[in-house]
Amino acid sequence: MTVLFLHGVAGSRRTYDWLPDAIAGQAVMRVDFRGHGAAARTPGAYLIRDYANDAVEVLREIGPAFVVGHSLGGVAAWWAAQLVPELVLGAVLEDPPLYLGSAEGHASNGAIPHFRHLHEISPAWQAEGVAEPVAAQRLAEEAYGPDPSRSMRSVATSEALAARAYALLHLDPSVLDTVIDGTLLAATDVAAPMTVPMTIIAADDALGAAFTSAHEARLSLSHPHVSVERVRGAGHSIHDERAHRDTYLAEVTAFLAKRTST
């Protein structure tokens with residue numbers, strides 16, 4: 001069987017290059033969403049349903065699989081589990097912004113200034129012809145999350161910095177338009193039943209979690225079977241952080257192992 005990894009917005013499949021070829025006996029598969037990495041650009045078609053359809057298309061090709069998604073990829077995995085539950089054996093969502101699609105959620109999203117910044121630097125770096133190592137160096141100096149004292153250099157692994165540099169140098173900048181204007185996740189249905197086994201690996205509220213403790217409480221009322229593991233001290237991109245990468249991989253491995261042993 002296969003475990004399909006889905007990256008976040010403004011990322012790419014390279015964010016998972018550090019993973020082993022198989023986890024808990026499941027072959028690892030990485031893909032680029034439209035407008036990201038090596039995938040085709042599709043201006044005007046960068047809403048959550050579009051990304052979910054990208055995931056569903058892959059699942060139809062490879063057959064039933066596990067899905068692991070970060071941020072946007074986590075919400076796309078949620079959608080895929082609703083659209084084609086017969087093709088999703090189980091899902092692990094890493095700090096998914098499930099509740100940020102509403103007007104209220106978007107208004108409270110503290111990451112929007114960050115995405116505005118990316119909207120400025122991505123096309124500028126592409127036009128300038130910035131080399132990947134230079135872009136990685138520039139990213140290393142930037143703040144990581146809401147705490148300005150945490151730079152990306154101090155938190156993220158060198159592989160993560162290189163992957164982020166690559167992603168921004170290959171991103172269709174218009175991908176970020178729907179993030180900034182709040183339309184990206186607006187159609188997400190968090191209330192509908194979920195039959196697929198699922199767990200969420202969440203970041204620390206104090207460090208910019210997209211799936212907050214308040215969201216966890218809301219989800220427990222409508223979907224009590226979805227378990228949540230909150231990683232204290234971790235920011236939004238848990239799998240990128242050198243201090244928490246092992247925890248992330250252990251959680252994914254445990255989930256897959258449990259689902260394949262029953």
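The values are calculated or read from the model by the stated rules, or taken from the named source; none is laboratory data. Just so we're clear, the structure is a prediction, and the values are computed from it rather than from any experiment. Neighbour counts run over all protein chains shown; Cβ positions are idealised from the backbone, glycine included.
Worth a mention:
- Test: residue in the stretch 22-29 that is assigned to a loop (DSSP other than H, G, I, E, B), touching a Lys or Arg at 6+ places or on another chain (Cβ under 6 Å) and not acidic (Asp, Glu): no
- Filter result for ARG49 (assigned to a loop (DSSP other than H, G, I, E, B) and either free of Cβ contacts under 8 Å to residues at least 40 places away in the same chain or farther than 23 Å from ALA254 by Cβ (or both)): no
- Set GLU159, GLU94, GLU104, GLU132: member being farther than 28 Å from GLU229 by Cβ and charged (D, E, K, R): GLU132
- Any hit, the stretch 35-52, residues being closer than 14 Å to GLY8 by Cβ and aromatic (Phe, Trp, Tyr): yes
- Residue list for the stretch 183-225, filter: exposed (fewer than 13 other Cβ atoms within 10 Å of the Cβ), at pLDDT 95 or above and out of contact with any Asp or Glu (no Cβ under 9 Å at 6 or more places or on another chain): ALA187, ASP189, THR195, ALA217, LEU221, SER222, PRO224, HIS225
- Helices (runs of 4 or more DSSP H) wholly inside the stretch 139-208 that include at least 2 residues being among the charged types (D, E, K, R) and either in contact (Cβ under 8 Å) with a residue 24 or more places away in the chain or under 30 Å from VAL84 (Cβ atoms) (or both): 158-170, 175-181
- Test: LEU139 is out of contact with any strand residue (DSSP E or B) (no Cβ under 9 Å at 6 or more places or on another chain) and surrounded by 15 or more Cβ atoms within 10 Å (Cβ to Cβ): no
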